[in-house]
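What follows is one structure encoded as structure tokens, with my remarks underneath.
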Amino acid sequence: MSTYAPPEKTSTMADAARSTTRTKRYRAKKTFDDIDRQDFRNEVFATLRDYFKASIDELNSIEGFKGRFADMKDGAFTCSVVNVAHDRGTAHITVHPGGDRHLGDIYWSNSANAAANTSNGQFSIEQDDYEMHLVDHDYGRGGDDDKLTPRQAAERLWERFIDEAGISHD
């Protein structure tokens, strides 16, 4: 008399069973108020400030580049970079914590120590049903509809800034 034994589970059968088990990510809809917006604006500005300050410090450690970071009285900061090897390798930027709907939530001018009433671009704070994010409005280059995190906004603005001085990095 013979007995039936089911086939052993092979790794392909086990993999198939695992692939049908999904990891779910649940998110709750949220309404954002003015204080949430202010807190997010403060977080964004602090991220931009810290990113630019650290990047200027890094740039100063590389031969052929010079940079300066300075806080301004009105809460803004200003930066300048020089690419010694490039004939017109100088760039300036001033970044202001906004809140003014006309100039933007965070806005910048492509000049050193720029007045608070000037702007070459802005990040606006927008939201969907789940989170706040930034949208880029660069007046000279055109913006896009990307939903940016504070870190992504800092990286994008830094890249544009140093590009003006003929500097790039990976």
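Roughly how much of Val84 is accessible, in Å² to the nearest 10, using a 1.4 Å probe?
Counting only protein heavy atoms, the figure is 90 Å².
If ligands, DNA and RNA are left out, what is the accessible area of Arg160 with a 1.4 Å probe, given in Å² to the nearest 10?
Around 40 Å² of this residue is reachable by solvent.
In terms of Cα to Cα distance under 22 Å, which lysines are near enough to Lys66, apart from those fewer than 8 places away along the same chain?
Leaving aside lysines fewer than 8 places away in the same chain, those within reach of Lys66 are Lys53.
Give a quick list of trypsin sites (Lys or Arg not before Pro) in region 33-142 that DSSP marks as loop, anything other than H, G, I, E or B, with at most 11 other Cβ atoms within 10 Å.
Here the sparse-neighbourhood loop sites are Lys73, Arg88, Arg101, Arg141.
In nm, what is the difference between 0.36 nm times the number of residues separating Tyr26 and Asp87 and their Cα-Cα distance?
16.6 nm
Can you give the accessible area of His169 in Å² (nearest 10), computed on protein heavy atoms with a 1.4 Å probe?
Counting only protein heavy atoms, His169 exposes about 90 Å² to solvent.
Are there GluC sites (Glu not before Pro) in region 17-125 that DSSP puts in a loop and that have at most 10 other Cβ atoms within 10 Å, and which ones?
Listed in order of number, the matching sites are Glu63.
Measuring from a point 7 Å past the Cα of Arg151 along Cα-to-C-beta, which residues in region 45-86 have an amide N at less than 13 Å?
47-48, 51
The values are calculated or read from the model by the stated rules, or taken from the named source; none is laboratory data. These figures come from a predicted structure and were not determined experimentally. Note that we place each Cβ from the backbone using ideal geometry, even for glycine, and neighbour counts take in every protein chain shown. Calculation scope for accessible area: heavy atoms of the full protein, side chains included, ligands and nucleic acids excluded. Shrake-Rupley method; radii C 1.70, N 1.55, O 1.52, S 1.80 Å.
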